[in-house]
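The values are calculated or read from the model by the stated rules, or taken from the named source; none is laboratory data. Source: prediction; values computed, not measured. Note that each Cβ is placed from the backbone with ideal geometry, even for glycine, and that neighbours are counted across all protein chains shown. Areas reflect the complete protein model, heavy atoms only, side chains present, ligands, DNA and RNA absent. Shrake-Rupley method; radii C 1.70, N 1.55, O 1.52, S 1.80 Å.
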Amino acid sequence: MSSEVALDFHSGVSSLHDTHHSHDEHHHHETFISKYVFSMDHKMIAKQFLITGMFWAVLGGFMSVLFRLQLGYPDSTFPWLEDILGKWAKGGHITPEAYYALVTTHGTVLVFFVLTAGLSGTFANFLIPLQVGARDMASPFMNMLSFWFFFTAGIVMLSSIFVETGPFSGGWTAYPPLSALGDASPGSKTGMDLWIVSMALFVVSSLLGGLNYIATVLNMRTKGMSMTRLPLTIWALFFTAVLGVLSFPVLFSGFILLIFDRNFGTSFYLSDIFVNGAGALPNEGGSAILYQHLFWFLGHPEVYIILLPAMGMVSEILSTNARKPIFGYMAMIGSMFAIAILAFLVWAHHMFVTGLNPFLGSIFVLLTLLIAVPSAIKVFNWLTTLWRGNIRFTPAMLFAIGFVSLFISGGLTGIWLGNSALDIHLHDTYFVIAHFHIVMGVASMFGMFAGIYHWFPKMYGRFLNNTLGYVHFWITIAGAYLIFWPMHYEGLAGMPRRYYDYSIWESFKQFSDLNRFISTVAMIVFATQILFLANFFYSIFKGRKLRTANPWGSNTLEWTTPIKPGHGNWPGEIPEVYRWAYDYGKDGTDFISQTTPVGADESVH
Amino acid sequence: MTMYLVIAVVILFFVVIFQIAKASEYVAVLKGEKNSKLQSNKINGFLMVVFLVLGLIGVWYCNELLFPKTLFRFGSASVQGEKVDSMLWVTIAVTGSVFIATQILLFWFAYKYQEKPGKKVFYFPHNTNLELLWTVVPAIVLTVLVVIGLRNWFSFTSEAPKDAMVIEVTGKQFGWIFRYPGADNQLGKKYYKNIDNASNSLGLVWDDKMSQDDIVTEQTVYIVKDKPCKFIIGSRDVIHDVGLSQFRMKMDAVPGIPTTMWFTPKYTTKEMQERTGNPNFAYEISCDQMCGNGHYSMKGIIQVVTQSEYDEWMAKQKPYYYTAFPDKEPSNSKPSVDSTKKVVVFKEISNTQKSNSKI
């Protein structure tokens, strides 16, 4: 029934667009505002997400350079810092307030604005309609709202940087009581109000987007596109959306309680508190730990919200460029499903040392280490996909291979941290920083880069410069390992994270040379990303033009659209699908598009 | 000036790379796309192996360089921590071998199966036996790790032995307050609304007889070698964390919810100074939970001493009650030498903190 409705909708839209396309290739009735600003075309919205995400990536990345400057060169002064940061860097030396604000904003921005909105916002919007064979999202209007809520969230976050008491500075996890009490930290005053408002808007954006992605994948697949014929990108983005829709509301509830505690005198998270300068607070009976449960109930699925889209795109890109089907398609879906389920059952592994009931902790150890099984399946399947392939090293392929390497490296240290008895030693040290930056931060960034290099020709009808792509890749992967690999050793020495200065600590000050090294590499890697951005924006206008619609010899539907698809994607009928997306190298044929009917003499896999 | 020079050099460098990259694109078009693609494919395939080899050498070199700077050279300073260390070695053996094997496969496959014209790929969409293999083997290995981990976890979180010394540890922005139960071996009641920085930093309830002999110190805590020590941990304001890296222990300090941790120190501070060859060695308590702008300076010191040294030190301590009510002190004459000394030490620490935050 629902599919009939969906089909009717399709035919309605397609006839509208057919007539439309017949007299003009372009959408002449579209104004600048409706085409580039309040666009309802999923491809344009995807680009909006991408470019906004890039803005935040540069800002968030630059913040990390600033605080790495403090960590690497704690005794030096940089007069130019005072020029850009003003009172936050008096005498060219970042203050602790500014340092913590930078660390907090870097975390929030990179996790939510870049790797959630920038990654799944971009590619879910861009790929879902194109790869399932739909004219647009289920609700283009909600899709537009989703972007503008995200944009507004960004504006609010940006404004918090300019408040007199500074932006929020209590870490991206915003644990109360620190985040609830302005008297405990200046950053928890107006900065925190803006932080919560921004995050609330972001949750709305993410829910609007997520519901749309789910509806589109379930209802708007073209004829013949059964769920088991979907490319793995779509499966990954689908699971991502489900995770987001189920977990963001819980985070939101946590924020609501925090707003009440901050402004309306409730005691959800507060109890028995005496703040220097403010005296004893009236609040009694709350639990600071409650917030952590609510936060990590999103916080952990969030890790997979970030990682799954990268996994999906990497699967697609590895298979396409190895000219070989993805190995174990069903096992890949199964393992993503398992990851999606387990993502909701492991949150308390972030809380092993909060005084959590040890028995409860043990359950979370078991469930956490269980995630290693689907992860291992994915890794071995990717390796087998490469085995006996015919690999083309496009920049996208390099980043996909880099993703697998980083996912292995960072995933394995998860086995250390997920085991509570080891976590007691490693919790909140640089070991954790190394672990999550490699497996979640850099790996997902690699997935995103792979996606950008691979689908840039579809987005803009031009290629990115290959040579710059290769330079970008090799410097970035070498840099990522040089930055984060040695941090494991700092963590093994117990060096705590979020310290402004280690020089007063007998136990941790032996790493000052290493810190300087890491900071230097971080700056080089950051500069290399600017090179990528230059390549990106230059190629939008001046890149080498596409001459064929299907430059990578890919099977999926997006490459059956014209080089520059208009709103509605296919000028004529939406193509019908006859096979899965991974018939590469079958019966000696290089690739067989999903739209090719199964031949009589074709072997069955 | 040098700053602008550096920026200029970086920009110049960028422009050069950019121009080379653009030129290489034109060359590629001239040479024919196929040839140039094959060529860059070869280069990248070769770099895959280079990266693998250099990477593995780097992993080894990094270990040579940094392992001596970790805590593992001297082993754990607590009996419980030995289990953490042994578990760590098992885990590193398992994950390390998987790491090396999979990274070698990944980059080797990438090199070996790079594109060659006319090569036929192996159409290999799935194989149930292989997939079962890499589901079951990791599951078994992980089960072993879980079993080892949980045995240790339950032993760390078990009740402290009856003869353990009990000390209350309270975090505040940005320092630590310690309370010993005193002669009656019982910690008296406290209520946070009684807190007064000058005379009652923990909010002890003075009507409670058990509070009256409690001893309160700041920044430094004395414990006894080879004797189990139980910390009852709390916080006065925001969440802190008692991080004891040499003992391999860690526990959050949460306002309103007491937590506990116990361990048995193996070496006195002096012994550790000799073992590490570092005369400044100290068992430092690091706050491991973001607690505000002074988080990085929230340091406490654990002095591990012998029983006799401890007894001697303890004999000099006066119940905190007398700080609040100096007139009640039996020998109420002049302030004892030791307590002034303590104040001096504390002032020094807070001064260094202040000067540090000023830098």
Filter the range B:181-212 down to residues that are aromatic (Phe, Trp, Tyr) and within 20 Å of B:THR260 (Cα to Cα) and give me whichever is most open to solvent (accessible area, probe 1.4 Å).
B:TYR191
Of the listed residues (A:ALA396, A:ALA400, A:ALA443), the one being at pLDDT 95 or above, open to solvent by less than 10 Å² (accessible area, probe 1.4 Å) and within 30 Å of A:MET351 (Cβ to Cβ) is A:ALA443
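For residues in the range B:24-64 being among the small types (Gly, Ala, Ser) and in contact with a Ser or Thr (Cβ under 9 Å, 6 or more places away or on another chain), which is nearest to the other protein chains (Cβ to nearest Cβ)?
Per the stated criteria, the residue is B:SER24.
Rundown of residues vs (1) open to solvent by 30 Å² or more (accessible area, probe 1.4 Å); (2) not β-branched (Val, Ile, Thr), yes/no style:
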residue	(1), (2)
A:LEU290	yes, yes
A:VAL303	no, no
A:ARG323	no, yes
A:ILE333	no, no
A:LEU345	yes, yes
Do the conditions hold for A:ARG544, that is, is it within 12 Å of chain B (Cβ to nearest Cβ), open to solvent by 20 Å² or more (accessible area, probe 1.4 Å), more than 25 Å from the chain's Cα centre (by Cα) and among the charged types (D, E, K, R)?
yes
Inside the range B:160-180, the number of residues satisfying the requirement of being open to solvent by 10 Å² or more (accessible area, probe 1.4 Å) and either in contact (Cβ under 8 Å) with a residue 12 or more places away in the chain or under 14 Å from A:PHE274 (Cβ atoms) (or both) is 10
Looking at the range A:94-101, is at least one residue open to solvent by 20 Å² or more (accessible area, probe 1.4 Å), part of a helix (DSSP H, G or I) and either at pLDDT below 95 or over 21 Å from A:THR152 (Cβ atoms) (or both)?
yes
How about the range A:472-489: which of its residues are over 30 Å from B:PHE18 (Cα atoms), assigned to a helix (DSSP H, G or I) and facing chain B (nearest Cβ under 8 Å)?
A:TYR489
Residue ID - surrounded by the fewest Cβ atoms within 10 Å (Cβ to Cβ), chosen from residues in the range A:498-513 that are more than 8 Å from chain B (Cβ to nearest Cβ) and more than 15 Å from B:ALA282 (Cα to Cα)
A:ASP513
Tally of residues being buried (at least 23 other Cβ atoms within 10 Å of the Cβ), touching a residue at least 60 places away in the same chain (Cβ under 8 Å) and more than 7 Å from chain B (Cβ to nearest Cβ) across the range A:351-377
1
So in the range B:261-296, with the set limited to residues that are of a type in the set (Ser, Thr, Tyr) and more than 8 Å from chain A (Cβ to nearest Cβ), which one is surrounded by the fewest Cβ atoms within 10 Å (Cβ to Cβ)?
B:THR276
Which one is modelled with the lowest pLDDT, of the residues in the range A:552-605 that are open to solvent by 30 Å² or more (accessible area, probe 1.4 Å), within 14 Å of chain B (Cβ to nearest Cβ) and within 25 Å of A:ASN466 (Cβ to Cβ)?
A:ASP590
Mind listing whichever residues of the range A:412-471 are of a type in the set (Phe, Trp, Tyr), more than 7 Å from chain B (Cβ to nearest Cβ), part of a helix (DSSP H, G or I) and closer than 24 Å to A:GLY312 by Cα?
A:PHE436, A:PHE446, A:PHE449, A:TYR453, A:TRP455, A:PHE456, A:TYR460
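Just a yes or no: is a residue in the range B:66-78 more than 8 Å from chain A (Cβ to nearest Cβ), of a type in the set (A, V, I, L, M, F, W, C) and more than 30 Å from A:ILE401 (Cβ to Cβ)? Quick ask: steps written out before the conclusion?
Let us first name the residues in the range B:66-78 that are more than 8 Å from chain A (Cβ to nearest Cβ), namely B:68, B:73-78.
Narrowing further to those that are of a type in the set (A, V, I, L, M, F, W, C): B:74, B:77.
So of that shortlist, the ones also more than 30 Å from A:ILE401 (Cβ to Cβ) come out as B:74, B:77.
Within the range B:66-78, one or more residues are more than 8 Å from chain A (Cβ to nearest Cβ), of a type in the set (A, V, I, L, M, F, W, C) and more than 30 Å from A:ILE401 (Cβ to Cβ).
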Return the residues of the range B:88-128 that are more than 7 Å from chain A (Cβ to nearest Cβ), under 16 Å from A:LEU386 (Cβ atoms), under 43 Å from the mean Cα position of the chain (by Cα) and without any contact (Cβ under 8 Å) to a residue 40 or more places away in the chain; say none if nothing qualifies.
B:ALA101, B:LYS112
Which listed residue is open to solvent by less than 10 Å² (accessible area, probe 1.4 Å), under 16 Å from A:SER188 (Cβ atoms) and either assigned to a helix (DSSP H, G or I) or among the acidic types (Asp, Glu) (or both), from A:LEU258, A:LEU308
A:LEU258
Please indicate, with yes or no, whether at least one residue in the range A:304-312 is farther than 28 Å from B:ILE104 by Cβ and out of contact with any Leu (no Cβ under 6 Å at 6 or more places or on another chain).
no
Checked the range A:182-193 for anything of a type in the set (A, V, I, L, M) and more than 7 Å from every other protein chain (Cβ to nearest Cβ); matches are A:MET192
Being aliphatic (A, V, I, L, M) and modelled with pLDDT of 90 or more is the filter here, so list the residues in the range B:303-359 that pass it.
B:VAL304, B:VAL305, B:MET314, B:ALA315
Go through the range B:40-70 and give me each residue that's open to solvent by 90 Å² or more (accessible area, probe 1.4 Å) and either at pLDDT below 90 or over 27 Å from B:PHE109 (Cα atoms) (or both).
B:GLU64, B:LEU65
Tell me, which strands (runs of 3 or more DSSP E) lie completely within the range B:160-260 with 3 or more residues that are facing chain A (nearest Cβ under 9 Å)?
B:229-235, B:240-244, B:249-253
Write out, first by first residue and then by second, each pair whose Cβ atoms fall under 8 Å of each other, whose residues are 6+ apart or on separate chains, and whose first residue, in the range A:195-206, is in contact (Cβ under 8 Å) with a residue 24 or more places away in the chain while the second is outside any helix (DSSP H, G or I) and open to solvent by 10 Å² or more (accessible area, probe 1.4 Å).
A:TRP195/A:PRO167
Verdict on A:SER206 being assigned to a helix (DSSP H, G or I) and either open to solvent by less than 20 Å² (accessible area, probe 1.4 Å) or touching a Lys or Arg at 6+ places or on another chain (Cβ under 9 Å) (or both):
no
Search result, residues across the range A:271-299 that are part of a loop (DSSP other than H, G, I, E, B), out of contact with any helix residue (DSSP H, G or I) (no Cβ under 6 Å at 6 or more places or on another chain) and either more than 8 Å from every other protein chain (Cβ to nearest Cβ) or not polar (S, T, N, Q) (or both)
A:ILE273, A:GLY277, A:ALA278, A:LEU281, A:PRO282, A:ASN283, A:GLU284, A:GLY285, A:GLY286
Is it the case that A:SER179 is within 21 Å of A:PHE113 (Cα to Cα), touching a residue at least 60 places away in the same chain (Cβ under 8 Å) and in contact with a Phe, Trp or Tyr (Cβ under 6 Å, 6 or more places away or on another chain)?
no
When you scan the range A:539-554, do you find a residue that is of a type in the set (Lys, Arg) and part of a loop (DSSP other than H, G, I, E, B), even just one?
yes
